[in-house]
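What follows is a short report on a single structure.
The values are calculated or read from the model by the stated rules, or taken from the named source; none is laboratory data. The structure displayed is predicted, hence computed values, not measured ones. Cβ sites come from the backbone with ideal geometry, for glycine too, and all protein chains shown count toward neighbours. Accessible surface areas use protein heavy atoms only, side chains included; no ligands, DNA or RNA. Shrake-Rupley method; radii C 1.70, N 1.55, O 1.52, S 1.80 Å.
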Amino acid sequence: MSKHFTALAELSVPTIMALLDRAQYFFHQSPSNLHKVLEHKVIANVFFEPSTRTRISFEMAAKRLGADVINFDLSNSSVKKGESLYDTLRTLEAIGSDALVLRHSDDRIFETLGPKLNAPLVNAGAGKNEHPSQGLLDLFTLQREFGRVDGLHIAILGDIRHSRVAGTMMLVASRLGMKVSLCSAKEFLPSEIPQGCVVEELDKVLPEVDAVMCLRNQFERHEGLDMSYEDFHRNWGLTVERAKKMRPRAIIMHPAPINRGVEIADELVEAPSSRIFRQMENGVFVRMSILEWILRKGN
Ligand code: CP
């Protein structure tokens, strides 16, 4: 078994379910009563791309379990003098980090670095490929809501092609017994549709799903695309009118950051059916589960 946490696709279904069970345990504990199982451990947050939720919730998770946290500051680091990523991570290991939480723009960075490092790596978002801690918190949000993930039907909307959040969910959902409908324009769909996912018409599928997962539109990655925000919202976004077609118990999700009025109507972000801020809350419990798992294997 790998010492790293780099992709949900690499984990067995029992391991994923055990991580969710542990997140559930942390959810029910008051932070003041928690056993500080990571006391004397040091976790380095190494973000080569911007982040609010992932970085801060990994920090919160580590501190709740008693660990110390180093937040690597890219803009004032020796990377600016040309130091490589590998040398940077080796340095953080040498200085005493027990785990390295890394975000990077390279889709394959964990395959390259994983075998070379001693400290466990945690994928906090890799290019357009995987965002496994987000995938786990999305699963945990569904589990908290419906009591299970098996048998759920979710629709993923918007810029699926460039989303590492969708990348993780598309690879893992069918193994967990979920049905995934991809609802977007051809230019926003992945070039290959992963096994277990189907492309469907948004307005047709909305009355059937348990959850709608909206994604941040990454217009900056669509060279030559001639589509305004208004056109995108009208054709492919979750509009107020579309949301009325959802079942009464269905929920709205979004990994954030959100382009309000583009992939989702402003009014829906905090609507009663939205779980967007609960997803952020859940991120802390799930990341506690991940950090404990990688640092206490065998205990
Ligand atoms: N959802 C997510 O990854 O948010 P951040 O980019 O703020 O970490």
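Numbers at a glance
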item	result
Stretchable slack from residue 111 to residue 49, in nm (0.36 nm times residue separation minus alpha-carbon distance)	20.5 nm
Protection proxy ranking of 13-24, 207-218 - average other beta-carbon atoms within 10 Å, highest first	207-218, 13-24
Global geometry of the range 179-260, whether rounded, prolate or oblate, following the gyration tensor of its Cα atoms and the 1.5 cut on a/c	oblate
The chain: most fluctuating residue of 27, 140, 58 per GNM, C-alpha cutoff 10 Å	27
Carbon + sulfur, % of accessible area of the chain - ligands and nucleic acids excluded, 1.4 Å	48 percent
Residue-normalised accessible area of the range 239-299, expressed per residue, 1.4 Å probe, Å²	44 Å²
Whole-Hz couplings from phi, Karplus 6.51/-1.76/1.60, listed for the range 267-284; x for Gly and Pro	5, 8, 4, 10, 5, x, 7, 7, 10, 5, 6, 5, 4, 5, 4, 5, x, 5
Residues whose placed amide H lies under 5 Å from that of residue 70, excluding near-sequence neighbours	43, 44, 45
